[in-house]
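Visitor: Please read through the structure below; I'll follow up with questions.
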Amino acid sequence: MYIVLIGYLYVIVMLAAGTGDVVKGGLLFLFLGFLPSWLWFWLKRQGQIKRAAKRAEAEAAASE
């Protein structure tokens, strides 16, 4: 899954570099590269946190 993200970010960086304007390129990278990647990582991390909490709760219930 990470290889897809790396490829996507590479394409966005190349697209931003080809705009010819630093501000346009930066905004393009921000809205099409950084924010979607951050959202994806945040959603994945929330799932990991929830699974870890359920696992800890199950272990606590099993040890009682």
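Visitor: How far is helix 2-17 tilted off the main Cα axis of the chain, in degrees rounded to 10, range 0 to 90?
Guide: It is inclined by approximately 30 degrees.
Visitor: I would also like to ask the following. Find how much the distance from ALA62 to LYS50 grows on full extension, using 0.36 nm per residue of separation minus their present alpha carbon separation; answer in nm with one decimal.
Guide: Residue separation times 0.36 nm, minus the Cα-Cα distance, leaves 2.5 nm.
Visitor: While we're here: For the chain, place one equal point scatterer on every Cα, skip the solvent, and apply the Debye formula. What is log10 of I(q)/I(0) at q = 0.21, 0.23 Å⁻¹?
Guide: For the chain, the Cα-only Debye profile gives -0.82, -0.90.
Any read-out appearing in this document is the output of simple, stated calculations on the displayed coordinates, not a laboratory observation. Given the structure is predicted, the values throughout are model-derived calculations rather than measurements.
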